[in-house]
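Here's the structure, in structure tokens; my notes come after.
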Amino acid sequence: MMEPGIYSGIKNEEYHKGPGLSSSDLKLLARSPLHYKTAKETPHKETDAMRLGTAVHCAVLEPERFNQEYVAAPYGIDRRTKAGKAQWAELETTGKIVLPCEDAQAVQGIADSLKHHSTASKLFTGGV
């Protein structure tokens, strides 16, 4: 059981399994208690867009952890083929979240854009 407090370095999965409310939970609750209750009771299926958003979140807000948690698939892996499926399965044995090459490039591009933007870079520097 986690005690209330600030936990730096906690993995996203652990954060969302904790006893408190996430910012997403608070948004649902603000919409209505029924929206929150329904979301908590309904099995949650992660979409490709959600996975991409979580990767961007990590790359921007926790860049030191990004390479520990994610691996980019090489360009050209076709997961419809036997060879492509085998290559993908090999990447999954790393224990990291595998991002398709195009998604990994998009994540890096977004993180780099924020890092080099004159205003946004200041908003993402020096905070906790």
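Calculated FRET efficiency, R65 to K45, Cβ-Cβ distance, R0 = 25 Å: about 0.55 to the nearest 0.05.
Relative to the Cα centre, the charge distribution of the chain, modelled as +1 at Lys and Arg Cβ and -1 at Asp and Glu Cβ, gives a dipole magnitude of about 320 debye.
Computed over region 1-105, the Cα gyration tensor eigenvalues convert (square root of 5λ each) into semi-axes of 31, 18, 12 Å, ordered from largest to smallest.
Taking amide H as placed 1.01 Å from N in the peptide plane, A72 has its amide H under 5 Å from the amide H of L99, each at least 5 places away in sequence or on another chain.
Under 18 Å from the Cα of K37, which lysines turn up, not counting those fewer than eight places away in the same chain? K37 reaches K17, K27, K45. Projecting the Cα positions of L21, Y7, Q87 onto the charge dipole of the chain (unit charges on Cβ atoms of Lys, Arg, Asp and Glu, taken about the Cα centre) puts L21 furthest along the positive direction.
Here the chain has 58 percent of its accessible surface on carbon and sulfur atoms, given a 1.4 Å probe and all protein chains in place. Note that the chain presents 77 Å² accessible area per residue, ligands and nucleic acids not counted, probe 1.4 Å.
Looking at the chain, which longest stretch skips every one of the chymotrypsin sites (Phe, Trp or Tyr not before Pro) that is in a DSSP loop with at most 13 other Cβ atoms within 10 Å, leaving the sites themselves out? It works out to 8-74. At full extension, C101 and Y75 could sit 8.8 nm farther apart than now, given 0.36 nm per residue minus the alpha carbon distance.
The values are calculated or read from the model by the stated rules, or taken from the named source; none is laboratory data. Since the structure is predicted, the reported quantities are computational estimates derived from the model, not experimental observations. For neighbour counting, all protein chains shown are included, and Cβ atoms are generated from backbone atoms with ideal geometry for every residue, glycine included. Each accessible area value is taken on the protein alone, full model and side chains, heavy atoms only, with ligands, DNA and RNA left out. Shrake-Rupley method; radii C 1.70, N 1.55, O 1.52, S 1.80 Å.
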